[in-house]
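Report on the structure given below.
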Amino acid sequence: MSSPRVIILLGRSGSGKGTQGEFLRQKLEPCLYVYTGDSFRQLAHKNSVAGRKVKQVMDAGGLPPEWLAAFLWQRELLDNLRGGESIIFDGTPRRLDEAKEMDKTLGWLGWTNITAVLIDITEAEAMTRLLGRKRGDDDEAAIKNRLSWFESDAAPAIDYYRATGRLVTVDGLGTVEEVWERIKNALDI
């Protein structure tokens, strides 16, 4: 039996990470699905200092601090990883230091079969998709802000996975099914 896999889904907001992540979740059962975006949104609804601060940052389309993102996904791993299952990270890590921290954490836990999948779409396509989905934190100014930090913050993490030979890039344009076929082929699943 092959060792459990870690699949990291990366891409601009609106690239389809969540949709493709659901397909992966079904294909790789048993697996732990870690979506830090939901954790941030849950925190933003809490009437606490941290909750109000996260809400303020997210409403502006900003990027919460990497230490908080790492805390949230590390807590998911510590609370829910049972042993032997694959792990899917949806949209995290979003910064280089967080990617390196993820490698340390996963290595310590014994999960070393790591592949990052970049679902590649243009910024213009991302804007069109995001304006069409109308999520609560998807106003035009916030979307523009989120798309701007993709290049400055997420791109170095993507380059890190590329440099370590663990990145596959798939074209994110086309139907959901076409993108899924590309991902399955790239991951050989």
* **Filter result for the condition that a residue is touching a strand residue (DSSP E or B) at 6+ places or on another chain (Cβ under 9 Å) and not charged (D, E, K, R), over 63, 28, 96** => 28
* Only residues that are in contact (Cβ under 8 Å) with a residue 40 or more places away in the chain and either touching a helix residue (DSSP H, G or I) at 6+ places or on another chain (Cβ under 6 Å) or closer than 16 Å to residue 185 by Cα (or both): list them for the range 32-44, please. => 32, 33, 34, 36
* Got a sec? Which helices (runs of 4 or more DSSP H) wholly within the range 31-110 have at least 1 residues that are among the aromatic types (Phe, Trp, Tyr)? -> 36-44, 66-80, 96-109
* To do: Only residues that are small (Gly, Ala, Ser), part of a helix (DSSP H, G or I) and loosely packed, with under 14 Cβ neighbours inside 10 Å: list them for the range 156-189, please.
  => 163
* Looking at this structure, is residue 11 out of contact with any Asp or Glu (no Cβ under 9 Å at 6 or more places or on another chain) and either surrounded by fewer than 14 Cβ atoms within 10 Å (Cβ to Cβ) or within 30 Å of residue 141 (Cα to Cα) (or both)? -> no
* To do: Enumerate the pairs (first residue in the range 55-67 and more than 11 Å from residue 40 (Cα to Cα); second residue anywhere and surrounded by 14 or more Cβ atoms within 10 Å (Cβ to Cβ) and of a type in the set (A, V, I, L, M, F, W, C)) with beta-carbon separation below 6 Å, excluding pairs fewer than 6 apart on the same chain, so at least 6 apart or on different chains.
  => 61/142
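Just so you know, all these numbers are worked out from the coordinates, no wet-lab data involved. None of these values were measured; they are calculated from a predicted model. Cβ: placed from backbone, ideal geometry, glycine included. Neighbour counts: every protein chain shown.
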